[in-house]
Each structure stands twice: as structure tokens, then as C-alpha cells.
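Please treat every number below as a calculation from the coordinates, not as lab data. Just so we're clear, the structure is a prediction, and the values are computed from it rather than from any experiment. Positions of Cβ are backbone-derived with ideal geometry, glycine not excepted, and every protein chain shown enters the neighbour counts.
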Amino acid sequence: MKNTFLIITSIADQNHPVLKQFAQESAEHYVPFIVVGDTKSPEEFNLQGCDFYSIERQQALQFGLAKTLPFRHYARKNLGYLVAISKGAETIIETDDDNLPLDGFWDNRTKQTEAHLLNNKGWVNVYKYFTEVHIWPRGFALENILNKLPELEKKTLIDCPIQQGLADENPDVDAIYRFTLPLPVVFNKAENIALGTNSFCPFNSQNTTWFKEAFPLLYLPSHCSFRMTDIWRSFVAQRIAWTCNWPILFHQSTVWQKRNDHNLMNDFSDEVSGYKNNALIIKSLSELELHNGVENIPSNMIICYQKLIDLGLVGQQEMNLLSDWLSDIYSILKTN
């Protein structure tokens, strides 16, 4: 776990059981643990094994984004990424304050791994490779949830700098699923699935590993629906990953979720823009002319987010934040 950082954003206090468990276990595994607060965070927060960034401490950071990022938004997590990278992170693990580690969470994470690789398969409901239950991930295009699952070929050794782990008990599903179908669900310990060019499935920010070359794609947009910020980030990341010949890896659960209280009608309302547009977003991003190569990630990100703005799904103000993010992260990476 050398040079691996763990990042959570939370408004909970220092007695929160999930934060306490991660603080203890991250210290045991020599993984620096960063928690990014917001305006509702407690004034006093002192948890051994946790590096807490209050709003005051965030605003003192020498990042352009620290001055422009909106308050009361999950995208405050962007500052945690920048802090970790500035401290020499080679790998970033992110999760949330309602996910608890299972056996395997603290195993050494490797970019190169074996997986069943799927190319040119369109929408792929990855959850279905890990369970017989009728289920789909939050952000999956509803018009494709009954698609036939592609058959798997022999595993191959691949480099995957973006890796999504599943979550047991209360996995990341949308409000429609929660209103109509039963939980909990515990996924099978199935083999890794990797989605390559022209294969896509949303991934979230609840149990995700990022390796250094993919760090610029960590960016969470602010001027969109709260329930879509990590999902639409994943669509942009997947589209740009194709230009770098990076498949997106999905692997068995290494956390289980004890979900925080949610108002499902509010979740449903916040997800409507996704229900109506997720398929359109993937189609539109797929049709963009992007340039190949890691060196073109920043310009490709600008093109992708401008498309989301043109579709009326992300506010025009997003481009200012994205500009600050790109300036900050490449300045850090250049000096590291």
C-alpha cells in the first residue's frame, strides 16, 4: 500500500463509527487517511489516524480550485484528491462514510491484473456478472437494463488505472430500484470484468481505486445534479480512457454499505436528469473526436465537459472550475 491514500468527504463528527474504523485500519496499514469536510461539519474534529480538512483549512490551500469550488457539495472531494497528490500519492482509494471495509479492502492494489475484457459491447450491466439477482447500477441507462449479457472470453492480463469495486448489502442502485425491488444483495465472488473501447457501465465514487496516470480524470463536476456528479464523471473518464487504451476494471466487493438516511423521492428527483439523458450522454461522448494519448487528457476533458454543457446538463460555470482543476493538478504532477 506504499504511497496509497484513502479519501472520504463527510460532514459527520469524529465519533462516526465508519470514520473511526477507517482511521484505525488505515493507520494499521500505513495508508494516510484524508477526510474533506463542508460547511455542516463540526467545528471541532479530532480523530487519531485521520487528516481532517475543515472549510477553513481548505480555503488556506494554495490551489486555485480551493477559492472557487462551491460549498455544500460532494465535489469538495476534489480538494482531497489534490491534497493527496501534492503529498506524493501514487494510488488513491476513495469511498464514503457509509461503506465499511471487507476482507480484501486493504490488499495491495495492482494496476496490472487479469480480467475478462469486453470491447465494442455497448451498455454492459456489470452487476449481472456478480449475481443472479435482477439488479443494475445507479446511472445505468434504463432503456438498456434488459439487454442480454455479453458472453465472456478467456481472461487476459491488462493494465487498468481505474478500478471499481462493488459494495455488498446495500449496493449502489438508483431510486427506481429501491422503490421496486428488494435489498440487501450480496454479490458473488466472481472474476474481474474489464470494459474496453465502446463498452460502458457507470461506476461510482464509493469503492474506487485510481492510479497516478488517471488522476486528472478524478475531477467531480459541481454544476449538475448531486446524484449524477460521480456517474457523469465516470462517463467522461471511460470515454477518455479509450484514447489511452485503458479498460475500466470492475471487481468483487471489498466494502459493504450501511446506507445513510436518504429521502428516496429526493433521490429520484435528483436522478431524473440521468434517467432521461444517460444514454444520450454516452452516445454524444462516443461521437466526439478526441485525440489519442495520455498527454491529451486535459484537452479531451475540456471537449467532453463542453459537450455536457451544450446538452444543457452541466452549467457553463463548470468550465471555470475545470480550468482551475487542470491548472492545479498538472502543476502538482509536474513538480512531483
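What the table shows:
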read-out: Relative contact order (%) - criterion: Cα under 8 Å, at least six apart; region: region 226-305; value: 51 percent
read-out: Phi to ³J(HN,Hα) by Karplus 6.51 cos²θ - 1.76 cosθ + 1.60 over region 204-214, Hz, x for Gly, Pro; value: 10, 10, 9, 6, 10, 10, 10, 9, 3, 5, 9
read-out: Residues with amide H under 5 Å from that of residue 207, placed H, sequence gap 5 or more; value: 165
read-out: Shape call, region 4-335: gyration tensor on alpha carbons, a/c limit 1.5; value: rounded
read-out: Whole-Hz couplings from phi, Karplus 6.51/-1.76/1.60, listed for region 181-194; x for Gly and Pro; value: 10, x, 10, x, 10, 10, 6, 6, 7, 8, 7, 4, 10, 10
read-out: Cα-projected label distance for residue 299 with residue 279, points at 7 Å along beta-carbon direction, nm; value: 3.4 nm
read-out: Proximal charge balance of residue 123 [Cβ under 12 Å; K/R count +1, D/E count -1]; value: +3
read-out: Alpha-carbon centroid distance for the pair region 223-283 / region 29-53, whole angstrom; value: 25 Å
read-out: GNM result for the chain, Cα springs below 10 Å: residue of 249, 152, 195 fluctuating most strongly; value: 152
read-out: Extension gain from residue 180 to residue 142, taking 0.36 nm per residue of separation minus the Cα-Cα distance; value: 12.3 nm
read-out: Environment charge of residue 111, counting only residues whose C-beta is closer than 12 Å and scoring Lys/Arg +1, Asp/Glu -1; value: -1
read-out: Beta bridges per DSSP with both ends in region 4-335, % antiparallel, nearest 5; value: 45 percent
read-out: Relative contact order computed over the chain (Cα-Cα under 8 Å; 6+ residues apart), in percent; value: 20 percent
read-out: Largest-first principal axis extents, alpha carbons of region 261-336, Å; value: 46, 33, 20
read-out: Too-long pairs where the Cα-Cα distance tops 18 Å, listed order kept, from 128/148; 121/155; 128/276; value: 128/276
read-out: Local electrostatic count at residue 170 - Lys and Arg +1, Asp and Glu -1, tallied over other residues with Cβ under 10 Å; value: -1
read-out: Angstrom value of the Kirkwood radius, inverse mean 1/r, which spans all Cα pairs in region 1-133; value: 16.5 Å
